[in-house]
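In what follows, a structure is listed as structure tokens, so that the remarks can point back to it.
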Amino acid sequence: MQLFQKGWIPQDLINENISEIFLKDNLDLNTFIFSFKTEKEVIRRFTQAGEIKISEIYRIDIPKWFNEEIKDLKTYQYEDSNKLILSLSFNESTGKLYGWGKFKDL
């Protein structure tokens, strides 16, 4: 799946317990949104820095259910050396992780 192969999800979030994977991308703009179920422990290292308000989802036709499910969640930003800018929201009660992002300067 391109989500993992292209490095759009940090390796620290990938584990064998991921399920219910959703991905929508705009390959022309190198932007994407995704969601999947995972374990709470996996996301903890990304949420320790505190909440960051990131509201823009980059040029993707976003499904209504996605917006509804993230609207009340805290959002955290992740950047890596591959120029990935990723926003993450996690619903602790459902174990579902939501993300959207892009690559800088592409």
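Amide H neighbours of residue 74 under 5 Å, at least 5 residues apart or on other chains, H built in the peptide plane: list them.
Distant-sequence amide H within range of residue 74: 90.
Which ordering of 94, 38 is given by a fewest-first count of other beta-carbon atoms within 10 Å? Don't skip to the end; give the middle numbers.
Details: 94 10, 38 20.
Ascending Cβ contact count within 10 Å gives the list 94, 38.
With a Förster radius of 35 Å, plug the Cβ-Cβ distance of residue 79 and residue 19 into 1/(1 + (r/R0)^6) and report the FRET value to the nearest 0.05. Let's see the in-between values first.
Values: r = 27 Å, r/R0 = 0.76.
Taking R0 as 35 Å, the efficiency between residue 79 and residue 19 is 0.85.
Any read-out appearing in this document is the output of simple, stated calculations on the displayed coordinates, not a laboratory observation. All of these numbers come straight from a predicted model, not from anything done at the bench. Cβ sites come from the backbone with ideal geometry, for glycine too, and all protein chains shown count toward neighbours.
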